[in-house]
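Here is the structure we will look at.
The values are calculated or read from the model by the stated rules, or taken from the named source; none is laboratory data. Everything numeric in this text was worked out from a predicted model, so none of it was measured. Glycine also receives a Cβ, built like all others from the backbone with ideal geometry; neighbour counts cover every protein chain displayed. The accessibility values were calculated without ligands, DNA or RNA, using every heavy atom of the protein model including side chains. Shrake-Rupley method; radii C 1.70, N 1.55, O 1.52, S 1.80 Å.
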Amino acid sequence: MEVDFGPAVRDFRDELRDWFADHLVGEFAEHRGVGGPTDGAAWDVRLAWDRELSAGNWLGVGWPKEYGGRGLGLIEEIAFEYEYARANAPYRATVNALDLLGPMLLAMGDEAQKKRFLPPILAVEELWGQGFSEPGAGSDLASVRTRAERDGDQWVVNGQKVWTSFGVHADWLYVLTRTDPDSRRHKGLTLLLLPTDQPGVEIRPIRNLAGQDEFAEVFLSDARTGADMAVGEVGQGWRTAMATLGIERGTTLLPQQLGFEREAEALIDLARARGALDDPMLRRRIVDAWISVRIMRTTNLRTIAELTAGRTPGPQATTAKLYASTRHQQLGHLAMELAGPAGQIVGEDYELDTRQRSFLLSLAETIYGGSSEIQRNIIGELLLGLPREPRP
Amino acid sequence: MDLTFSEEQHELRTVVRSFLTRHATEADVRRLAADPRGHDPWIWRRMATEIGLQGLAVPEEYGGSGFGYADLGVVFEETGRALLCAPYFATVALAAEALLRCDDEAARAELLPGIASGETVATLALTEDDGRWDELGIRLNARAGASGWLLTGEKTYVPDGHLADLLLVAARTPAGISLFAVTTADAPGLTRTPLPTLDQTRKQARVTFADTPARLLGTDGTAWPALARTLATAAVLLAVEQVGGAAAALDTAVAYAKIREQYGRPIGSFQGIKHKCADMLVEIESARSAAYAGLWALDAGDETEIAVAAALAQAFCSEAFTKVAADTIQVHGGIGFTWEHPAHLYLKRAKSSEVLLGTPAYHRELLAARLGI
């Protein structure tokens, strides 16, 4: 099934396809499909790929030209993601700045912040990490305890952040802080932009279950940033943070899920090679895996079609994450089972093959970006209108 | 191919839903479920005359409105929501489609206008005692007599076979599988026995033929590809109907979870219930994707894609409806287990439509074969 984005976008698509044909070569082509939201594999290659994209002016397709973008619309952004997924290009290393911080600054930042930060994001000159979660504030971000106090024309920040993806590479962090010490819950929070290159910022890698160091905990001890580094109003950081998290992610789900589709096809090839298709139980699970990825694709295409028709996406845009993350884990279990004894063996220095890495990292997909339990609350309360669970 | 519904299709949905809200209430469903005939000819006529539902996707040259499968899908999702008691699936999804696919222009020109106008109730008689939906399941014998073809044998599990004016019968001749038309009003040797069904909202019959004269449609022995294609279309339309039924069942579960209190608060505020309802919606939206992909494939007319999408839709949507209907009873607790509550109507429709065109396991195998797995 294909999406027809209409004649206006056809030239854009053709240009992009040609560009991929010319540039997704050599080392980049060897790293097709590498990476993922919690996967730091081949970091240097992927960063170089982001710079290649930047040189081709393909980052920030929908961002205004004055900040280095192409100034095109949502439909071109979606077409870009779709072609990107088709090309199976390496996962973008700077996705955090491109998909979350950038759109947030465009929506809520002041003019000086946009001019200062957006062009270096698109030029891949400054890398960003997100400082929202804390040891005591994961799904419940209103429990943020990191404090920020004004000292003249600066903010002084103290506290600890955790699960910062690619934090060890970050030049800057966007952090949710409590600026009113007497405030409770989601009141009195402020979102600050904070440089990491200073004595008050210590970043320690956290090793994930796949043996990679690609997220970090961040210790802030009298770390400083300018008074002009608050995004949105002081004390309204909750609103700013929620706007970030609410930014439409349907388009970013698409490349990831087309990747799942490739995994399912590889799994079928493996099963065929192993003669596993003759086993009725395995056969059933294999067909179900194929059904799952096909449904993910259709669900995404429904959302894209609604967005490009100028409509608010239906409930499927919200249910897609829960379905995809759950089904991808089942796919991983099945792939490991088909691999058999060979799946137990890893390379030197705990080097994992694609299947092992995908299986292990899939366990994060039902946690990050709102855990499955949080997703069910959102679906129950926002889509079905069920009463909220009692909260303090 | 447009992967979303148009404004006109949204309007069609509103019109059909409003009609069914008036003419297919729970009281109507219960009345007709208890009625041996199982449908109300007055409502059937109004479906045809007020909104032209029977002829919606029949080409204009045969007296229909010439709309596409996505439009028809909108109607089936709504009839599924309402648990409509009418021979709509049998007439439109099976019989009209079989006529459209068969290689017989004269028969189309003669028989389709009656279906489109609502005058003819029709069905497809394919399954026999073993309930198989594949080519090998067709054993009923047809032989050429002196003055035409004669059918002898038995069909069973025929949807709305007890009241159909027109039976399209799959039979075996020395040349292979062939399709025949039997007009029930004047058919010697024809016996129709209503079967008491678990799902009382969709009736079935056993039909026996003893040297019953029948009209051959198209060329003798070549009917199977057209029948297989008919079943693929029906599989998609049934899937959309199943989505509608599941969505309506979830609506009742959610409405109940909002008002029913335990421990001093609505049960829908407890995660045990809330998360179950959320999972039901995930299941329904995933089923929608499966079913809609089938509609779009039908409208695009890509035969390979139709075969894949149809098998996928039945494999997934059948189980999704049953799961949602069963969970709806669970959310309702004891009340959901009573005859008075509508939850069991959905469960029974779900469980019966799960096997109506072949089990999910059968459709998984069809899918696997089509994918080369």
Study note, to complete from the structure: Rounded to the nearest 10, the angle in degrees between the Cα long axis of helix B:360-371 and the longest principal axis of the Cα atoms of chain B comes to 70
**Study point:** Leading residue at positive end of dipole, chain A (Cβ point charges), from A:P390, A:F28, A:A87
**Key:** A:P390
Practice item. Output the residues of region B:1-17 meeting this criterion: accessible area (heavy atoms, 1.4 Å probe) in the chain alone minus accessible area with all protein chains in place is 30 Å² or greater. Key: B:M1, B:L3, B:T4
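Return the value, in Å² to the nearest 100, of accessible area buried between chains A and B (probe 1.4 Å, both sides summed).
Values: alone 18860 and 15440 Å², together 30650 Å².
Interface area, both chains combined: 3600 Å², rounded to the nearest 100.
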**Study point:** For region B:342-373, residues shielded by at least 50 square angstrom of accessible area compared with the chain on its own, probe 1.4 Å
**Key:** B:R364, B:I373
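Give the accessible surface of the protein assembly as shown per residue, rounded to a whole number of Å², with probe radius 1.4 Å and ligands, DNA and RNA excluded. Don't skip to the end; give the middle numbers.
Details: 30650 Å² over 765 residues.
With the other protein chains kept in place, the protein assembly as shown gives 40 Å² per residue.
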Practice item. Would you work out what percent of the accessible area of region A:13-105, with all protein chains in place, is carbon or sulfur (probe 1.4 Å)? Key: 47
**Study point:** Accessible surface of region B:288-327, 1.4 Å probe, proportion on carbon and sulfur as whole %
**Key:** 53
Review point. In debye to the nearest 20, how big a dipole does chain A give about its Cα centre with +1 on each Lys and Arg Cβ and -1 on each Asp and Glu Cβ?
Key: 1300
**Study point:** 3J(HN,Hα) from dihedral phi, region B:261-271, Karplus parametrisation 6.51/-1.76/1.60, rounded to Hz, x for glycine, proline
**Key:** 9, 9, 6, x, 8, x, 5, x, 7, 7, 4
**Study point:** Reachable lysines from A:K114, criterion Cα separation under 22 angstrom, eight or more residues apart if same chain
**Key:** A:K65
Exercise for review: Would you list which aspartates and glutamates come within 15 Å of B:K351, measuring only between C-alpha atoms, while excluding same-chain residues fewer than 8 positions from it?
Suggested key: B:D199, B:E241, B:E319, B:D327
Check your understanding: Accessible area drop of at least 50 Å² (1.4 Å probe, protein heavy atoms): which residues of region B:284-303 qualify, relative to the chain alone?
Key -> B:E285, B:S289
Exercise for review: For region B:178-244, just say rounded, prolate or oblate: build the C-alpha gyration tensor, square-root its eigenvalues into a ≥ b ≥ c, call rounded for a/c under 1.5, and beyond that prolate if a/b exceeds b/c, oblate if not.
Suggested key: oblate
Study note, to complete from the structure: In deg cm²/dmol, rounded to the nearest 500, the helical mean residue ellipticity at 222 nm of the protein assembly as shown, built from -39500 (n - 2.57) for every DSSP H run of length 4 or more, is -16000 deg cm²/dmol
Study note, to complete from the structure: So the angle from the long Cα axis of helix B:41-50 to the longest Cα principal axis of chain B, reported in degrees to the nearest 10, equals 90
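Once you sort the root eigenvalues of the Cα gyration tensor of region A:9-68 as a ≥ b ≥ c, which label holds: rounded (a/c under 1.5), prolate (a/b larger than b/c) or oblate (the other case)? Before the final figure, lay out the partial values.
Numbers: a/c = 2.13, a/b = 1.40, b/c = 1.53.
Note, shape of region A:9-68 comes out oblate.
Quick one: pull the percent of accessible area on region B:191-267 belonging to carbon and sulfur, 1.4 Å probe, ligands and nucleic acids left out. Walk me through the intermediate numbers first.
Numbers: 1630 of 2940 Å².
Result for region B:191-267: 55 percent of the exposed heavy-atom area is carbon or sulfur.
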